Amino acid sequence: MSEVPLIRPKHFSVTALKESFGSFLFVVPALLIFFVFYIYPFFKTFHLSFHEWNGISLKQLFVGFDNFKELMHDEKWWISVRNAGYITLIALTFQNILALCLALACDREIRLKRFYRVVFFIPPVLSETVVGLIWSWILYAGMQNGQHIGLLNYILGKTGLTFLVHNWLSDPKTALACIAIVHSWKGFGWGFLLMLAGLQTIDRQLYEAARVDGAGPWSVFVHVTLPMMIPVFLMVVILTVLGSMQVFVLLLVMVGEGLVYHTEVPVTRILAAMTGGYPQFGYACAMAVIFGLMLVVVSFTFQKLSDRVKQA
Amino acid sequence: MKKWNKYVWANHSASFIIHLFLWVVALSCLFPLFWMLRSALMSNDTIFIDKSFIPKVIHFENFYLAWTEGNFAMYFFNSVWYTFWAVFGIVIISSLAAYSISRLKFPGKNLVFTLFLAAMMIPLPGSFVPLYVMMNKLGLINSRMGYIFCMINVGLSVSIFILKTFFDKMPIALEDAARIDGCSRLGIWRHVALPLAKPAIAVIVIFQSLNVWNEYILATLLLNDKNLMPLQRGLVVFQGTHSVDYHLLMAGLTITAVPIILVYLLMQKHIIKGLSSGAIVG
C-alpha cells in the first residue's frame with residue numbers, strides 16, 4: 001500500500017476535486033519544465049525535419065521527405081555513422097573486456113581492493129573537455145629544438161621506436177583510433193563497477209559446488225560466472241552503445257578545426273549542419289530523427305533480449 | 001608453515017600477475033592527471049622541452065595567471081553558480097513531483113510518471129537543435145536563467161525516478177502522525193518526506209553536480225558571452241585564443257578537474273553505492 005488513505009468519496013464532490021487539484025499542483029513545476037524543454041523540442045525536431053529553414057528567416061519551407069531522401073545519399077553522413085560504429089566497436093570489445101578482467105581480479109579478497117575501485121572511477125567523473133585536452137597534450141605532435149613536444153612521441157623517440165612516431169591527431173587514420181582509445185579510457189570504470197556489482201551478487205556456494213564437482217577455474221568461469229552475468233553484460237552493452245555512438249565532445253576538443261569527414265561522427269554532422277556557413281536546421285533535425293531512431297532500435301532490441309534472458 | 005610446493009608457487013605468481021595488471025591500469029588512470037599537474041607548474045620556456053617528472057623550478061604563479069588573466073576566476077564562479085542553482089532546482093522540483101506521484105492522488109498521475117520514465121529511456125541525440133531554436137525565440141540565449149532551466153530539465157526525469165522509488169518504500173506512519181497533528185501536504189513534504197529522503201537526495205546532488213559541472217554542448221550553444229561561460233566552455237575558448245600558453249591551459253585544466261576529483265574522493269562511498277545498486281543508469 002503506497003497510497004495515502006485520504007478521504008475517499010464514493011461520488012463526485014467538490015472537496016475531492018480540490019484535493020486532487022492540490023496534489024496535482026505538486027507536479028506542475030516539473031511538468032512545465034518538462035513540456036517546455038523536452039516535449040516541445042522533441043516534437044519540434046520532427047516538425048523541422050520536414051522543412052527547409054536557415055534558422056533566421058521567418059519562412060520555413062515545407063519540403064516533405066526531401067531532407068530524408070537527401071540524407072540517404074549523403075556520403076558524409078554515412079561515413080560519420082560508420083566512424084561512430086568504429087568507436088563503439090572498440091569500446092564494446094577493448095573497453096568492456098578490460099572492465100571484465102578488472103572486475104574479475106577485484107572480485108576476491110585482495111589487498112587494496114578499495115583503492116583500485118576508487119582509482120578506476122576517476123576518469124569517468126572527469127569531463128570530456130578535460131580528458132580530451134589532457135590527452136591532446138600527451139599526443140601532441142610537433143618538435144622544438146629537435147625534441148618531440150608531446151610525451152608519447154617523446155617516449156617513442158627515446159626508446160628507439162622512432163618508426164612509430166606519428167601525427168596522432170592530425171592523421172585521420174590514427175585520429176579516430178586515438179579517440180576511441182581515449183573514450184575507452186574514460187569509460188571503462190563504468191563497466192568495471194557494474195560488472196563488479198554483478199559478480200558480487202553471485203552466490204559463493206555455486207562456485208563451491210562447481211569446484212566440489214571437479215570443475216577447474218576455467219570451467220567455473222564458463223559454466224557458472226558467464227551465464228550468471230548475462231543480464232549485467234546486456235546492460236553494459238546497451239549503455240556502451242548509447243554512450244559511444246553519441247560521442248562528440250572528445251572529437252571537438254581533440255581534433256577540433258581539423259575535423260574532416262574522415263573523423264566526423266553523427267552528432268558533429270548535426271552540429272555542422274546547424275552552425276555552418278549555410279545553416280540547415282531542417283536537415284540537422286532530419287539527421288537527429290534518423291540517428292535517434294537507430295539508437296532506439298538498438299536499445300529496444302537489447303532490452304527485449306535482456307527481458308527474455310531474465311525470464312529464462 | 002606453508003610448504004613451498006609448486007601449487008603455492010603457482011598461486012603466488014598468479015596473485016603477482018593480477019596485482020601487476022591492476023597496478024598498470026591504476027597507473028594509467030592517474031598518470032595523465034599527474035602529467036597535467038606537472039605541466040601546469042612549468043614555465044612557457046621549459047614546458048615544450050623539459051620532460052622531467054618534477055620541474056626544476058616550480059611556477060605556482062601559473063595558477064594565479066590562469067585565474068586572473070586567463071579569466072578562469074570568472075569561469076569558475078559561473079560554474080559554481082550554475083551547478084548550485086541547477087542542482088537546487090532539480091532537488092526541489094523533482095522531490096515535489098516524486099512525492100505527489102508516490103503518495104498523493106490525482107487523476108492521470110500514472111500517465112505523468114510514464115512520461116518521465118519514457119524521457120529517461122528514449123535517447124534524443126540532436127535535441128539541442130530545436131532547443132537552440134526555442135531559446136533563441138524566447139530570447140534566452142546568453143541568459144543564466146535559460147541555461148539553468150535547461151540543466152534542470154536534463155536532470156529531472158532521473159531524479160524523479162530515484163525519489164519516487166525511495167518514497168514508495170518509506171513507512172507511512174510518520175506522515176500519518178504529521179497529518180493528524182494538522183500538517184498540510186506541503187508541510188509533510190517539507191518536514192517529513194524531505195528529511196527522510198536524505199540518502200536519495202545525496203545521490204541526486206552528487207550525480208547532478210558532476211553532470212552540470214561537466215556539461216559542455218548546451219553551454220557552447222547557449223552562452224556566447226565570455227562573462228557567462230562555465231569552465232568547460234572557458235577551457236575550449238582559452239585553448240582557441242592562447243594556443244601557445246600550454247602551461248596556463250594546464251593550470252586551467254587543473255582548476256577545472258580538482259574540485260570534481262575532491263568531491264568524488266569525499267563522496268566516493270555514496271557514488272559507488274549509488275552506481276552499484278543500479279539506481280543511476282543512463
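The values are calculated or read from the model by the stated rules, or taken from the named source; none is laboratory data. Just so it is clear, the model here is predicted, and its values are computed rather than measured. Note that each Cβ is placed from the backbone with ideal geometry, even for glycine, and that neighbours are counted across all protein chains shown.
Data overview
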quantity: Verdict on A:VAL232 being among the β-branched types (Val, Ile, Thr), under 30 Å from A:SER127 (Cβ atoms) and surrounded by 18 or more Cβ atoms within 10 Å (Cβ to Cβ); calculated: yes
quantity: Test set (1) of a type in the set (Gly, Ala, Ser); (2) surrounded by fewer than 18 Cβ atoms within 10 Å (Cβ to Cβ); (3) in a helix (DSSP H, G or I) - A:GLY64 fails condition number; calculated: (3)
quantity: Which numbered condition B:MET121 fails, given (1) within 30 Å of A:ALA273 (Cβ to Cβ); (2) modelled with pLDDT of 85 or more; calculated: (2)
quantity: Selection from the stretch A:175-210 of residues that are at the interface with another protein chain (Cβ under 10 Å from one of its Cβ atoms) and either of a type in the set (Ser, Thr, Tyr) or in contact with a strand residue (DSSP E or B) (Cβ under 8 Å, 6 or more places away or on another chain) (or both); calculated: A:THR201
quantity: Where a residue in the stretch B:196-216 is in contact (Cβ under 8 Å) with a residue 12 or more places away in the chain and of a type in the set (Val, Ile, Thr) and its partner, wherever it lies, is crowded, with 21+ Cβ neighbours inside 10 Å and not in a helix (DSSP H, G or I), with Cβ under 9 Å and at least six apart; calculated: B:VAL212/B:PRO230
quantity: Subset of the stretch B:24-55 that is farther than 18 Å from B:LEU253 by Cα and either touching a residue at least 60 places away in the same chain (Cβ under 8 Å) or charged (D, E, K, R) (or both) - its residue that is surrounded by the fewest Cβ atoms within 10 Å (Cβ to Cβ); calculated: B:ASP45
quantity: Helices (runs of 4 or more DSSP H) contained entirely in the stretch B:35-134, each with at least 3 residues that are more than 9 Å from every other protein chain (Cβ to nearest Cβ) and aliphatic (A, V, I, L, M); calculated: B:72-103, B:109-121
quantity: The stretch A:128-154, subset in contact (Cβ under 8 Å) with a residue 24 or more places away in the chain and polar (S, T, N, Q), residue surrounded by the fewest Cβ atoms within 10 Å (Cβ to Cβ); calculated: A:SER136
quantity: Positions within the stretch A:256-288 being assigned to a helix (DSSP H, G or I), crowded, with 16+ Cβ neighbours inside 10 Å and out of contact with any Gly (no Cβ under 8 Å at 6 or more places or on another chain), in sequence order; calculated: A:PRO266, A:THR268, A:ARG269, A:LEU271, A:ALA272, A:ALA273, A:GLY282, A:TYR283, A:ALA286
quantity: Subset of the stretch A:137-161 [within 10 Å of another protein chain (Cβ to nearest Cβ) and polar (S, T, N, Q)]; calculated: A:GLN144, A:ASN145, A:GLN147
quantity: Criterion: aliphatic (A, V, I, L, M) and in contact (Cβ under 8 Å) with a residue 40 or more places away in the chain - qualifying residue of B:ILE93, B:ILE58, B:ILE18; calculated: B:ILE93
quantity: Residue match in the stretch B:144-160 (condition: over 18 Å from A:ILE33 (Cα atoms), buried (at least 19 other Cβ atoms within 10 Å of the Cβ) and not small (Gly, Ala, Ser)); calculated: no
quantity: One residue from A:LEU161, A:LEU194 being of a type outside the set (Phe, Trp, Tyr), under 30 Å from A:LEU133 (Cβ atoms) and within 23 Å of the chain's Cα centre (by Cα); calculated: A:LEU194
quantity: Selection status of A:LYS44, surrounded by fewer than 16 Cβ atoms within 10 Å (Cβ to Cβ) and of a type in the set (Lys, Arg); calculated: no
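Here's the yes/no breakdown for (1) assigned to a helix (DSSP H, G or I); (2) more than 8 Å from chain A (Cβ to nearest Cβ); (3) farther than 30 Å from A:GLU19 by Cα:
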{"site": "B:LEU156", "(1), (2), (3)": "yes, no, no"}
{"site": "B:PHE161", "(1), (2), (3)": "yes, yes, no"}
{"site": "B:GLU175", "(1), (2), (3)": "yes, no, no"}
{"site": "B:VAL192", "(1), (2), (3)": "yes, yes, no"}
{"site": "B:ALA202", "(1), (2), (3)": "yes, yes, yes"}
{"site": "B:LEU218", "(1), (2), (3)": "yes, yes, yes"}
